[in-house]
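Down below is the structure, laid out as structure tokens.
The values are calculated or read from the model by the stated rules, or taken from the named source; none is laboratory data. What you are looking at is a predicted structure, and each value in this text was computed from that prediction instead of being measured. Here the Cβ positions follow ideal geometry from the backbone for every residue, glycine too, while neighbour counts run over all protein chains shown.
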């Protein structure tokens, strides 16, 4: 999505939109992975916030599987749990 300046600007805008949505209790505070595509460069802050809210409403929660039947007693890290 462009050079470092563009990527960092988008990162700041998305982080700000996430804070606004969190304060409005649209979603709970947790680690999220947000993938931004090139068309996001031309979006206004209002569009980014709306798109983020829509994406969060359709979120897929990945969590570790338990009881997989393997003999390994050490669980995987909780990197996908929220």
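Taking the criterion of being assigned to a loop (DSSP other than H, G, I, E, B) and either at positive phi or surrounded by 13 or more Cβ atoms within 10 Å (Cβ to Cβ) (or both), the residues of the range 1-29 that qualify are 1, 2, 25, 26, 27. Please work out which residue is modelled with the lowest pLDDT, limiting yourself to the range 54-68 and to residues that are part of a helix (DSSP H, G or I) and either exposed (fewer than 11 other Cβ atoms within 10 Å of the Cβ) or over 16 Å from the mean Cα position of the chain (by Cα) (or both). Once the filter is applied, the top-ranked residue is 57. Give the range 30-48 a look and list any residue that's modelled with pLDDT of 90 or more, surrounded by 10 or more Cβ atoms within 10 Å (Cβ to Cβ) and in a loop (DSSP other than H, G, I, E, B), or say none. Matches in the range 30-48: 43 only.
Residue selection: residue 71 satisfies the criterion of being loosely packed, with under 14 Cβ neighbours inside 10 Å and at pLDDT below 85.
Does residue 51 fit the bill of being assigned to a loop (DSSP other than H, G, I, E, B) and modelled with pLDDT of 75 or more? Judged against the criteria, residue 51 is not a match.
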